[in-house]
Amino acid sequence: AHRLGEVVEDLGLQKVIVRGRMRRSDGELRDTVIQALTPGGQEVVLSYREPATEPVKPLSEYARKVVRLRQRGLLYPYEIIRTLTAAEEAGRGEFPPGEFSELELDDSGSLQPVSRPPGRNKCGVVVGRLCHYTDKYPEGIRRILLMGDPSRGMGSLAEPECRRIIAALDLAEESSLPVEWFSLSAGALIAMDSGTENLDWTAAVLRRIIEFTQAGGEINVVVHGVNVGAQSYWNAEATMLMHTRGILVMTVDGSMLLTGKKALDSSGAVSAEDNQGIGGYDRIMGVNGQAQYWAADVWEACHVLLRYYQHSYVVPGDRFPRRAISSDSRHRDICTYPHGRGNGYEFDAVGEIFRDETNPGRHKPFDIRRVMSAVVDQDLQPLERWRDLREGETAVVWDAHLGGIPLCLLGMESHPIDRLGFVPMDGPSTWSSGTLFPLSSKKIARAINAASGNRPVVVLANLCGFDGSPESMRRLQLEYGAEIGRAVVN
C-alpha cells in the first residue's frame, strides 16, 4: 500500500477499495474488503471489513461538486471553510479553533446570517464571517470572508456576485473588520442573454474597493487559482497600490491574467506556455512585487494570513495591534548573535560589525537579515514582505515583534548584490550596498504606508542615499523617493 501510495500521490485519490478472498487462521477462505485511505493527505491507512450487503449510496450533490472540482485541480470553497473551522475533522490540526457564519442578501440589500446546508449558495461568490481564536486574541480574529465559487461558471461575475461583494465591503467598513478574499474567477460574465451591464457591475465593485481602501480599509487576497480580467484588477486595486495596506498571497496554482493563454493564442498575441507563465508568482507577480507572499498551497497561504494577523490585527475598539507575550529578555546582548563567515562576510558574530578592531570605519559587508534577526524577539517569528521583488533587493521589510510590540522593521542590505538579466550601460553593474534604487524605494514607501496608523516603523539606518544614475532617474527614482517622503508625512 505504501509503495503504490507513492505512485498515485499526485492523482488526488482519496480511497482505494480491493475486494478479494482471504484465508483466515482456521483455514477458511472468506470474502474480504480492504480499504486504503489517505485521511487529510496523511500516510496510507489500511482497514479490513466484511463485504457490505447494502447497495452503494449515491453521492450527495455537495460531494459530487467536490469531486468534479478536484478532478479539475480546484477546491470547493466550503471545503476550505470546513478545514479552517473544523481542523480535527479535516485532519489538519495546525489551525486554531475557528467558526464561520454564512451571510446572504435580504430584501433590503444588506447581508444577514443565513442557516442553510453548505453548498446552497445562490451565485458564484460565498460571503460570511470568519473568526479564529488564539491566545493573543481570545475574543477572536474576526474578518469578512469572500470566496469565489469555481463550480458556478468558474466564478464568473455578474450582478448577483457584485451586489454581494459591495455589501460585504459595506459590512466590513461598518464593523471595522478586514476583508479576507479567496479569489478565483473567470472575470465578467459573457453570455448571449446579457450585455455590458456585467461590466457596469464590475466597475461598481472596483469603485467601492477604491473608496474602501482609501478610507483605511484592509483587503487581504489569496490567489489560489486562475483570476481573469475584472478579478485581477480588483486584486490590484485592493493590494497593489501605494495606499493599500492589505497583503496578496499567491499559491503555486494561482495566476492573475488580463487575458488567458488560449484567448491570447487565438488572437495572435504574445502568450506563454501556460497561465502561470503569463501571471504566476515565480516569473511575474513575485519578481515585480505585486504579489507579496508565496505559498505552496492554499493551506500554507492560510498560515501566512494568520501569521500576518498576529502582527497587524486590531480588535474593533482598540487603537493598535495587541502586544504579544515574549520570553526574550530585553537585556539580551545582540552582539553575541551569530553572523557567519563566507559569501564575502568576515564576521563570526553580529557584535563584530560594530567594533573598530574587527570592522575599522565600518566598511566591511555584512548580512542585514542577521542583524535584524539579532534585534527582534527570538520567540516570535518575523514575516518578510516582497522577498522576491527583483531589483528591490537592497531593502528588506519585516513584520516582527520587539519587546512583544508588533512593528514594521526596515533594513538596508549592506553588501553588493549581483544584478540579474540585462544591465544598461548607464546604470550600476551591481546593486550597491546601503543604496536605494527605484524599486527598493517603492518597497520602502509601500511598507511605511502599510504600517501607517497601525504599528511603529523601526529603521536600522545604514543608508548612503538614493542611486542617482541615469538608469535610476529614468526608472522613476525621483517619484518613488518622493513617495517615501509622503509616506513618512502621512
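Yes or no: E384 in a loop (DSSP other than H, G, I, E, B), open to solvent by 10 Å² or more (accessible area, probe 1.4 Å) and either within 21 Å of Q290 (Cα to Cα) or at pLDDT 95 or above (or both)?
Judged against the criteria, E384 is not a match.
When you go through (1) touching a residue at least 12 places away in the same chain (Cβ under 8 Å); (2) part of a helix (DSSP H, G or I) one by one for A482, which number turns out not to apply?
(1)
Any residue that is open to solvent by 30 Å² or more (accessible area, probe 1.4 Å), within 17 Å of I278 (Cα to Cα) and either among the aliphatic types (A, V, I, L, M) or outside any helix (DSSP H, G or I) (or both) - is there at least one of those in segment 215-222?
no
Between a residue in segment 414-428 that is touching a residue at least 40 places away in the same chain (Cβ under 8 Å) and any residue that is outside any loop (DSSP other than H, G, I, E, B) and among the polar types (S, T, N, Q), which pairs come within a Cβ distance under 7 Å, given they are 6 or more apart or on different chains?
Within 7 Å, the pairs are P416/T430; G427/S472.
Restrict the check to segment 418-433 and report whether at least one residue is modelled with pLDDT under 95, assigned to a loop (DSSP other than H, G, I, E, B), open to solvent by 50 Å² or more (accessible area, probe 1.4 Å) and among the polar types (S, T, N, Q).
Yes: one or more hits.
Considering only segment 174-192, how many residues are in contact (Cβ under 8 Å) with a residue 40 or more places away in the chain, farther than 17 Å from G225 by Cβ and assigned to a loop (DSSP other than H, G, I, E, B)?
Count: 3.
What are the residues in segment 193-203 that are assigned to a helix (DSSP H, G or I) and of a type in the set (D, E), if any? Talk me through it step by step, then tell me what you get.
Quick first cut of segment 193-203, residues assigned to a helix (DSSP H, G or I) only: 197-203.
Listed by number, the residues that qualify are E197, D200.
Looking for something open to solvent by less than 80 Å² (accessible area, probe 1.4 Å) and within 21 Å of V252 (Cα to Cα) - is there at least one such residue anywhere in segment 46-61?
no
Taking V375 and the conditions (1) touching a residue at least 60 places away in the same chain (Cβ under 8 Å); (2) among the hydrophobic types (A, V, I, L, M, F, W, C); (3) open to solvent by less than 30 Å² (accessible area, probe 1.4 Å); (4) over 20 Å from G453 (Cα atoms), which numbered condition does it fall short on, given that it satisfies the others?
V375 satisfies all of (1) touching a residue at least 60 places away in the same chain (Cβ under 8 Å); (2) among the hydrophobic types (A, V, I, L, M, F, W, C); (3) open to solvent by less than 30 Å² (accessible area, probe 1.4 Å); (4) over 20 Å from G453 (Cα atoms) except (3).
Only one of (1) farther than 28 Å from A324 by Cβ; (2) in contact with a Lys or Arg (Cβ under 7 Å, 6 or more places away or on another chain) is not met by A395, so which one is it?
Failed condition: (1).
Looking at segment 30-40, can you tell me whether even one residue there is farther than 17 Å from R3 by Cα, open to solvent by 70 Å² or more (accessible area, probe 1.4 Å), at pLDDT 85 or above and not in a loop (DSSP other than H, G, I, E, B)?
Yes, segment 30-40 has at least one match.
Those residues that are among the hydrophobic types (A, V, I, L, M, F, W, C) and in contact with a Lys or Arg (Cβ under 8 Å, 6 or more places away or on another chain), I need them from segment 173-184; list them, please.
Of everything in segment 173-184, those that are among the hydrophobic types (A, V, I, L, M, F, W, C) and in contact with a Lys or Arg (Cβ under 8 Å, 6 or more places away or on another chain) turn out to be L177, V179.
Tally time: how many residues in segment 445-475 are among the aliphatic types (A, V, I, L, M), under 28 Å from Y308 (Cβ atoms) and open to solvent by 10 Å² or more (accessible area, probe 1.4 Å)?
Restricting attention to segment 445-475, the residues satisfying the condition of being among the aliphatic types (A, V, I, L, M) are 445, 447-448, 450-451, 457-461, 463, 473.
Within this subset, residues satisfying the condition of being under 28 Å from Y308 (Cβ atoms) are 445, 447-448, 450-451, 457-461, 463.
Then keep just the ones that are open to solvent by 10 Å² or more (accessible area, probe 1.4 Å); that gives 448, 457-461, 463.
Going through segment 445-475 one residue at a time, the tally reaches 7.
Just checking, how many residues over segment 84-138 are of a type in the set (D, E), at pLDDT 95 or above and outside any strand (DSSP E or B)?
Of the residues in segment 84-138, 0 are of a type in the set (D, E), at pLDDT 95 or above and outside any strand (DSSP E or B).
Determine if segment 197-213 includes at least one residue that is among the small types (G, A, S), over 30 Å from I325 (Cα atoms) and either touching a Ser or Thr at 6+ places or on another chain (Cβ under 6 Å) or at pLDDT below 95 (or both). Full working, then the answer.
In the first step, residues of segment 197-213 are kept if they are among the small types (G, A, S); the result is 203-204.
Of the ones still in play, those that are also over 30 Å from I325 (Cα atoms) are 203-204.
Remaining after also requiring either touching a Ser or Thr at 6+ places or on another chain (Cβ under 6 Å) or at pLDDT below 95 (or both): none.
Checking segment 197-213: not a single residue is among the small types (G, A, S), over 30 Å from I325 (Cα atoms) and either touching a Ser or Thr at 6+ places or on another chain (Cβ under 6 Å) or at pLDDT below 95 (or both).
Go through Y233, Y133 for me and flag whichever is surrounded by fewer than 23 Cβ atoms within 10 Å (Cβ to Cβ) and within 26 Å of G279 (Cα to Cα).
Working: Y133 fails: within 26 Å of G279 (Cα to Cα).
Residue meeting the stated conditions: Y233.
Are any residues in segment 322-349 over 32 Å from the mean Cα position of the chain (by Cα) and part of a strand (DSSP E or B), and if so, which ones?
G342, Y345, A349
Of the conditions (1) over 19 Å from L305 (Cβ atoms); (2) assigned to a loop (DSSP other than H, G, I, E, B), L206 satisfies every one except a single condition; which number is it?
(2)
Picking from V314, V270, V249, which residue would you name as being at pLDDT 95 or above and touching a Leu at 6+ places or on another chain (Cβ under 8 Å)?
Testing whether each residue is at pLDDT 95 or above and touching a Leu at 6+ places or on another chain (Cβ under 8 Å) leaves just V249.
The values are calculated or read from the model by the stated rules, or taken from the named source; none is laboratory data. Since the structure is predicted, the reported quantities are computational estimates derived from the model, not experimental observations. Every residue, glycine among them, receives a Cβ derived from its backbone with ideal geometry; neighbour counts consider all protein chains shown. Protein only, heavy atoms only, side chains kept; ligands, DNA and RNA dropped before computing areas. Shrake-Rupley method; radii C 1.70, N 1.55, O 1.52, S 1.80 Å.
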